[in-house]
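The structure appears below as structure tokens.
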Amino acid sequence: MSTQEFFGSFQLSSPGKVREDLGQWLRLMRQRNEWTLPMLASRSGVPVSTLSRLEREGHGSVDTVLRVFQALGILDEVDRTLRERLRLTSLPKDIGALEQEPPRRQRVRPCKPKEP
């Protein structure tokens, strides 16, 4: 039995908690680089006020977050993780399905309208 089957849909995270963690992580990444908010704003093209809100509350558009990732030099790492998740998600749930021959597509021809 997998962990997912055991716990079902029980989740410890909430969108608010993930936003908060994202903001904290971005702040720590910025501080690790010894950058001020204006320095990150200059590198990312994102206004200081937006960066401040992103770090405090985790609020920002996907585009904003990706621009910050790029400025911090972690966009490629995030992209690799997403591509791996995409690859794994595209695999069949059941490994046995890989051994089966895929169903053949049947060609469907449109019906000719009946003439009166």
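None of the figures in this text is laboratory data; all of them are computed from the coordinates on show. On a predicted model such as this, the values are computed, not experimentally measured, just so you know. Note: ideal-geometry Cβ built from the backbone for every residue, glycine included; neighbour counts use all protein chains shown.
Summary of values
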{"quantity": "The range 17-80: equivalent-ellipsoid semi-axes (sqrt of 5 x gyration tensor eigenvalues, Cα, Å)", "calculated": "14, 14, 12"}
{"quantity": "Cβ charges +1 (Lys, Arg) and -1 (Asp, Glu), total dipole of the range 27-116, debye", "calculated": "480"}
{"quantity": "Local net charge near Ser61, Cβ-Cβ under 14 Å (Lys/Arg +1, Asp/Glu -1)", "calculated": "+1"}
{"quantity": "Amide H contacts under 5 Å for Gly58, placed H, 5+ residues apart", "calculated": "Gly23"}
